[in-house]
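Everything below concerns the one structure shown next.
Read the figures in this text as sums done on the coordinates, not as results from a lab. From a predicted model like this one, the values you see are computed outputs, not experimental measurements. So basically every Cβ, Gly included, is an ideal-geometry build from the backbone, and we count neighbours across all protein chains shown.
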Amino acid sequence: MKIVRESLPDVVFVDLKMPGVSGFEVIEKINLLDPTIVTIVITGYATVNSAVEAMKKGAYDFLPKPFTPEELRLITQRGLEKRRLVQETIALRREKEMLREHFAAIVSHELKSPLGAIQQNLFGLEAELSSKLTESQKTLFERMKCRIADLLKLIHTWLRVILVDIKKIKESFAPVTVTTLISKAVESIQPHATRKEVEILISYEEPLGLVDGDEGTLVAALVNIVSNAVKYSRLGGKVLIKAKQEENSILISVTDTGVGISEEDLPYIFGDFYAGKPGPAAERGSGLGLAITRRIVEAHNGSISVESEVGRGSAFAIRLPALKSSVHNQPSLGAETYSDSH
Ligand SMILES: Nc1ncnc2c1ncn2[C@@H]1O[C@H](COP(=O)(O)OP(=O)(O)OP(=O)(O)O)[C@@H](O)[C@H]1O
Ligand SMILES: [Mg+2]
């Protein structure tokens, strides 16, 4: 372990049976120190069980004694290759993060500012010419203004996604009640639902604990999911929001009876700018809602998943870690909410 700590090698060969400390322990410690270091177990006690056990603890491979120099060379080469790939992946991920941040700066400076200036000039020009403009010229001005406003709106949403700053969100974490999140989200979507004659139903399974999080962004995440459910519902459809506690996590599900998502689209809907097959023109979005939502949920150490069937509807599930023993600390809260809703 001393050598490993001092030299941070690429590959480590470990015996399983050693005096004082077991190979398993060494593998675990190396993994904690630097998970990219490749550990290969060399042992005379090469039973399948200990091999499996070593792999579970994070060993890369297993070399039973006796082995030929060629076998040792081969496994070393593969180990080195594996480490190179892992390091490359890490570097790429870091690069992607940096690109994302740079991209935000580029978008805001190089696109947003000049576009804003064009918009202002257009307003000015239109005001100056207003008395001289023919009807068709006025229509042209309107069209330009609309297009520019749309572009600015898109850039704003764009920036919002890129700038969902996980560290900042985490700074403002506080205990939040799940029922508050849901009612705030529903409140903002209700008008849209009413227009589409979509009924939003809510059901809580008590007792329901608290989550540690940022209320504003969590509501925004829910708004995205529920507004999708309404948006991709047919006239007169139903949207069911359920919340319940499962051991240490809180599960919020949003189920709709809408158009559903095709199998080809399903793996990509949480990506940036992914909007599925063209739906009704009025309901097209920028394809960012779910990307933002995923980022918010992950910033809360939660996860989001989806199940869907074309023509039958979709079910989105958000799982957030419950605040420790929040259920036990707040028995009256749960009971009150329960009696309120009855
Ligand atoms: N409840 C749903 N039912 C059917 N399709 C859905 C549902 N939710 C999402 N989708 C599909 O996933 C795609 C991505 O959703 P997302 O919310 O990210 O973008 P959007 O709704 O198109 O635009 P935005 O939310 O940015 O206005 C949608 O375009 C749609 O095809
Ligand atoms: Mg959406």
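For the chain, the longest principal axis of the Cα atoms and the long axis of helix 69-106 meet at an angle of about 20 degrees. Among the GluC sites (Glu not before Pro) within the stretch 26-110, not one is in coil by DSSP while having at most 10 neighbouring Cβ atoms inside 10 Å.
Relative to the longest principal axis of the Cα atoms of the chain, helix 215-231 runs at roughly 70 degrees.
Comparing Met98, Met18, Met55 in a Gaussian network model of the chain, where Cα atoms under 10 Å apart are tied by springs, the biggest mean-square fluctuation is seen for Met18. Counting only residues at least eight positions apart within a chain, or on another chain, the lysines with an alpha carbon under 18 Å from that of Lys196 are Lys231, Lys238.
Its relative contact order, with pairs defined as Cα atoms under 8 Å and 6+ residues apart, puts the chain at 12 percent. Per-peptide packing, taken as the mean over residues of other Cβ atoms within 10 Å, places 301-312, 247-258 in the sequence 247-258, 301-312 from highest down. When only Cα pairs below 8 angstrom with a gap of at least 6 residues are kept, the stretch 72-206 shows a relative contact order of 27 percent.
Determine, from the Cβ-Cβ distance of Arg5 and Leu80 and an R0 of 30 Å, the FRET efficiency 1/(1 + (r/R0)^6), rounded to the nearest 0.05. E(calc), rounded to 0.05, equals 0.90. Pairs spanning more than 26 Å between alpha-carbon atoms, out of Lys184/Lys324; Lys82/Lys168; Lys96/Lys168: Lys82/Lys168.
Value of Rg to Rh for the stretch 1-154, rounded to two decimals, is 1.50; Kirkwood radius and Rg both from alpha-carbon coordinates. Helix 178-195 axis versus longest C-alpha principal axis of the chain: approximately 40°, rounded to the nearest ten.
Quick one: net charge of Arg83's neighbours, Cβ under 15 Å, K/R +1, D/E -1? Every neighbour counted, the sum reads -2.
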